[in-house]
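The values are calculated or read from the model by the stated rules, or taken from the named source; none is laboratory data. Just so you know, these numbers come straight off a predicted model, no measurement behind them. Using ideal geometry, Cβ is built from the backbone for each residue, glycine included, and neighbour counts are taken over all protein chains shown. Surface accessibility is based on the protein's heavy atoms, side chains included, excluding ligands, DNA and RNA. Shrake-Rupley method; radii C 1.70, N 1.55, O 1.52, S 1.80 Å.
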Amino acid sequence: MPSFLDAAGLGGRALTSASDPNFRHAALLFTGFFVLVAVPAVLLWGIAGILAAGGLVALTVALAPRLPPETVMRLYRATRIPPDDSQLSSLVDILAYRADLPQRPDLYVIPSATLNAFAVGSRVHSAVAVTEGLLRRLSLAETAGVLAHEMAHIRNGDLAVMGIADVITRVLQLMSYAALGLALFNVLAFVRGDDMISWWAVLAVYLAPALSSLMQLGLSRAREFEADRTAVALTGDAEALASALRGLETHTGHFWEDLMFPVPARRVPLPSLLRSHPETEARIRRLAVPDAASSPPVRHDRLIIVEQPMFSLVGYGPGDMRPRYRWPGLWF
């Protein structure tokens, strides 16, 4: 098992809360979602489209915050790692203690070659997932920085708004696939000389995921900067987090790749969970020169990690981690 120094630090209690901004961000997300759905609905069905859009938004409001973490993990065929079963579990224990979380998040590993990590649930009942690809490509110190970033989201009360953003992204991506069907319908109608659907409506439906990503990018900047700052407070290792961010950007691509045909935003890691992050270099610059005015009043000593060989935690080999179909499309 790895050796950690200063595992009993209590600086998490000094970290600030972001609940009020999250409430405003959730309201803005739902407002933007309503607009993105209502515009094409009105073009297609007139006034009745507004009622349809309102019903879809109301359904999302009702269901999005109530999805249990275990359900999300089952969607990704994730394997739960028992506490004290690995050096990674011990790292989660210590980070959760330092973040002063009321309950240790459950740890899951997803059999995917992508580099991704995310947290779901609530502050009192949460789960953190990492992919096999991340564990294979990042060092344990870099993985600690990524896990600390997810712990920060839990600590700061970000998971509710991030879960809402994920559901909205899924719905809008499904709409983009529907837009391709509408476009095909228009082509066939043109050949037959029939009435066509408004091309403006088709375009609005198709571009909805990309526009949503732009909106999420604007809302997530402060949240991600705060989570990075909190992560460094938890690990005391800004260099490892900066190195992890560079590795994640290399393997997950850039924002403008979300605009590629056939479906905008298809490269946003799923669950998206508001993953339209600020520019990586901007985040790294902030890590290198922290804002003294916003720094936590208590900082931990740096975690000292003795890294051991990392074996597959879910029993999958590279051949088993092939692309597979899942809603709304291929996932690697």
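Rolling a 1.4 Å probe over the protein chains gives ILE50 an accessible area of about 70 Å².
Compute the separation of the alpha-carbon centres of the stretch 99-140 and the stretch 194-218 and state it in Å as a whole number. The stretch 99-140 and the stretch 194-218 have Cα centres spaced 33 Å from each other.
For the set ASP166, ASP100, the ranking by accessible area, highest first and with no ligand, DNA or RNA atoms included, is ASP100, ASP166 under a 1.4 Å probe. Ordering ALA141, THR169, LEU214 by the projection of their Cα atoms onto the charge dipole of the stretch 100-214, which places +1 on the Cβ of Lys and Arg and -1 on the Cβ of Asp and Glu, puts ALA141 at the extreme positive end.
Could you report the stretch 120-243's accessible area per residue, 1.4 Å probe, as an integer in Å²? Mind showing how you got there, number by number?
Details: 4230 Å² over 124 residues.
On a per-residue basis, the stretch 120-243 sits at 34 Å².
For the stretch 141-251, a Kirkwood hydrodynamic radius built from all Cα pairs, placed in the Stokes-Einstein relation at 4 °C and 1.567 mPa s, yields a translational diffusion coefficient of 77 µm²/s. If the segment from ARG246 to ILE197 were pulled out straight at 0.36 nm per residue, it would be longer than the present Cα-Cα gap by 13.2 nm. Computed with a 1.4 Å probe on the full set of protein chains, the accessible area for ASP228 sits at about 0 Å². Extension gain, ALA282-ASP84: 0.36 nm per intervening residue step, less the Cα-Cα distance, totals 67.7 nm.
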